[in-house]
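**Student:** Let me begin by handing over the structure; questions about it come next.
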Number of protein chains: 2
Amino acid sequence: MSQFTILVVEDEPAIRSMLVMVLQQYDFNVLEAGDVTEAQAILDETVPDLILLDWMLPRITGDEWTRRLKSNDSYRDLPIILVTAKGEEADKIRGLDIGADDYVTKPFSPKELISRIKAVLRRSGKIHDLTQIKFQDIVMDTERHRVNISDKEVDVSPTEFKLLSFFLTHPDKVYNRTQLLDQVWGRNVYIEERTVDVHIRRLRKILAKYQREEWLQTVRGFGYRFSIKNS
Amino acid sequence: MSQFTILVVEDEPAIRSMLVMVLQQYDFNVLEAGDVTEAQAILDETVPDLILLDWMLPRITGDEWTRRLKSNDSYRDLPIILVTAKGEEADKIRGLDIGADDYVTKPFSPKELISRIKAVLRRSGKIHDLTQIKFQDIVMDTERHRVNISDKEVDVSPTEFKLLSFFLTHPDKVYNRTQLLDQVWGRNVYIEERTVDVHIRRLRKILAKYQREEWLQTVRGFGYRFSIKNS
DNA sequence: ATTTTATATGACAGTTTTGTGACAATAGCT
DNA sequence: AGCTATTGTCACAAAACTGTCATATAAAAT
């Protein structure tokens, strides 16, 4: 699952770190925000694959922010799961047309949380098949841990595997080095930005064997993009 | 039987632990869930070989869930055995076209339960011959605890036997050390992860005598995989 | 055309992961 | 009890992978 990034917006530190721990346990990349302002700042940087949002936040309630996000074109397709306290809130929310994609009620088990996340990701089309990632004639099977390019088995290292699967699941968009480090390596690693170049290079070398080199493009000044079309 | 995993969905703790005990007695791997939500969460994680489902569950009845599962492509072939209270329910169920593969009526003897499970597994094609596991020209006889590779008798230790039978019944997929410990050694043992390496090594040594070494593959950073090699 | 800035690339050394032999503890058997 | 096969662990070896640097190229800016 390491190709997915989740933004956790939760003001209560204890709960937040619990959430983060669970998500990391399941190999998600996690971004954290304590309030909506922080969350917005992160969104300007990196777009996650899903937001896990506490319904009760200081200053602005989760559903207000949800509404705002959902009315913004660039975030319309960003799935949001609301985290609500049990009981009375749940009922209100159920009735509200706030545009969230799902909600979980505290307390919940890690497994429940994960399965809802997977369900939402699947529903939103980010996961077609949990174990298979396809892009043109490149097929990655996360369960069997195999990469095939036009039906030929390709040998890749762990990092190359993660990087490629990230690109395949996030095609056409440009990512800068920081974003790639965050999403592929994880948020709390300190690694030289230029290291990304080297891994791009390595991936290109592999792709080149199958004449797919030009799919991994350099966007000078901005980063890299995986895409069949060239600008 | 250690190659089969059964998911038990039952809300009554006493009955559930009884079921679990019986199944473990007969060397099944058991997953437990107290309700449908938990069960769903488990399904997202691991797909069992069979579901043992209480017909009466809180919130949603077993047969409703059965219907839902059976209408989902990825679970259509997952056999389900309903556990029902005696008498009146059984008749209703018999008439219902709920898609379950069989049902047992409480109270039942362990032997009855096991034989129904075996019957369903056999019928669903998961077992051809309960005592035999075949993979290419490797044949394991679980009853006599014997292994043959291209008709030659092979001497293996108990652990090697379990490990090999696990791989033969779960080919192609990559398992990490923890998963292998869970599945082959059991869930609540505390054993060093690296011990798995050593057993892999021992198994490879045996396989090497028959030029089958390359079927047991290392997937660096992720675990091991049993698969006929393709380049 | 020259300078400046950004990216590509090869080499390499440190680190991480896996392979392997040895050994002592244990379990099973007679 | 005595014997043997098995098993978990460890220490070290081997291999694979990764991050960084230095240098080469390429693209913009002046």
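The values are calculated or read from the model by the stated rules, or taken from the named source; none is laboratory data. As the structure is a computational prediction, the values presented were derived from the model and not from experiment. FYI the Cβ positions are ideal-geometry reconstructions off the backbone, even for glycines, and counts take in every protein chain you see.
**Student:** Under the condition of being among the hydrophobic types (A, V, I, L, M, F, W, C) and within 12 Å of DNA strand D (Cβ to nearest atom), which residue from segment A:155-167 is nearest to the other protein chains (Cβ to nearest Cβ)?
**Tutor:** Looking only at segment A:155-167, we keep the residues that are among the hydrophobic types (A, V, I, L, M, F, W, C), and these are A:156, A:161, A:163-164, A:166-167.
Checking which are within 12 Å of DNA strand D (Cβ to nearest atom) leaves us with A:156, A:161, A:163-164.
On the way: A:VAL156: 10, A:PHE161: 8, A:LEU163: 13, A:LEU164: 14 Å.
Within segment A:155-167, the match that is nearest to the other protein chains (Cβ to nearest Cβ) is A:PHE161.
**Student:** On the given criteria, is B:GLU214 touching a Lys or Arg at 6+ places or on another chain (Cβ under 7 Å), within 14 Å of another protein chain (Cβ to nearest Cβ), farther than 22 Å from B:VAL30 by Cβ and within 12 Å of DNA strand C (Cβ to nearest atom)?
**Tutor:** Working: touching a Lys or Arg at 6+ places or on another chain (Cβ under 7 Å): yes; within 14 Å of another protein chain (Cβ to nearest Cβ): yes; farther than 22 Å from B:VAL30 by Cβ: yes; within 12 Å of DNA strand C (Cβ to nearest atom): yes.
It is true that B:GLU214 is touching a Lys or Arg at 6+ places or on another chain (Cβ under 7 Å), within 14 Å of another protein chain (Cβ to nearest Cβ), farther than 22 Å from B:VAL30 by Cβ and within 12 Å of DNA strand C (Cβ to nearest atom).
**Student:** Another question, then. Looking at A:ILE191, A:ILE228, A:ILE206, which one is within 19 Å of A:ASN29 (Cβ to Cβ) and β-branched (Val, Ile, Thr)?
**Tutor:** Result of the check over A:ILE191, A:ILE228, A:ILE206: A:ILE191.
**Student:** Which condition number does B:LEU78 fail, the rest of (1) modelled with pLDDT of 75 or more; (2) more than 22 Å from B:THR105 (Cα to Cα); (3) assigned to a loop (DSSP other than H, G, I, E, B) being met?
**Tutor:** In the conditions (1) modelled with pLDDT of 75 or more; (2) more than 22 Å from B:THR105 (Cα to Cα); (3) assigned to a loop (DSSP other than H, G, I, E, B), B:LEU78 misses (2) alone.
**Student:** Something else now. Only one residue in B:THR142, B:THR159, B:THR105 is within 14 Å of DNA strand C (Cβ to nearest atom) and in contact with a helix residue (DSSP H, G or I) (Cβ under 9 Å, 6 or more places away or on another chain). Which one?
**Tutor:** B:THR159
**Student:** Say we look at segment B:184-196 and pick out the residues that are loosely packed, with under 14 Cβ neighbours inside 10 Å and near DNA strand D (Cβ under 9 Å from one of its atoms); which of these is modelled with the lowest pLDDT? Walk me through it before giving the result.
**Tutor:** Pass one, segment B:184-196, residues loosely packed, with under 14 Cβ neighbours inside 10 Å: B:186-194.
Filter once more, keeping what is near DNA strand D (Cβ under 9 Å from one of its atoms): B:189-194.
Values: B:VAL189: 81, B:TYR190: 89, B:ILE191: 93, B:GLU192: 94, B:GLU193: 95, B:ARG194: 96.
The selected residue is B:VAL189.
**Student:** Of all residues in segment B:208-222 being away from DNA strand D (no atom under 15 Å from the Cβ) and not hydroxyl-bearing (Ser, Thr, Tyr), which is surrounded by the fewest Cβ atoms within 10 Å (Cβ to Cβ)?
**Tutor:** B:GLN211
**Student:** Testing B:PHE222 on (1) touching a residue at least 40 places away in the same chain (Cβ under 8 Å); (2) within 9 Å of DNA strand C (Cβ to nearest atom); (3) more than 14 Å from chain A (Cβ to nearest Cβ), one condition comes back false. Which one is that?
**Tutor:** All conditions are met except number (3).
**Student:** With the condition being of a type in the set (S, T, N, Q) and on the phi < 0 side of the Ramachandran plot, I'd like the strands (runs of 3 or more DSSP E) fully within segment B:137-231 carrying at least 1 qualifying residues.
**Tutor:** B:146-149, B:216-219
**Student:** Tell me the residue from B:LYS205, B:LYS152 that is surrounded by fewer than 12 Cβ atoms within 10 Å (Cβ to Cβ), touching a residue at least 24 places away in the same chain (Cβ under 8 Å) and more than 17 Å from the chain's Cα centre (by Cα), please.
**Tutor:** Values: B:LYS205 fails: touching a residue at least 24 places away in the same chain (Cβ under 8 Å).
Exactly one of B:LYS205, B:LYS152 is surrounded by fewer than 12 Cβ atoms within 10 Å (Cβ to Cβ), touching a residue at least 24 places away in the same chain (Cβ under 8 Å) and more than 17 Å from the chain's Cα centre (by Cα), namely B:LYS152.
**Student:** If you don't mind, there's one more thing I want to ask. Please verify whether A:ASP44 is closer than 21 Å to A:VAL184 by Cβ and either among the hydroxyl-bearing types (Ser, Thr, Tyr) or outside any strand (DSSP E or B) (or both), treating the condition exactly as stated. Write out each step before concluding.
**Tutor:** On the way: closer than 21 Å to A:VAL184 by Cβ: yes; either among the hydroxyl-bearing types (Ser, Thr, Tyr) or outside any strand (DSSP E or B) (or both): yes.
Yes, satisfied.
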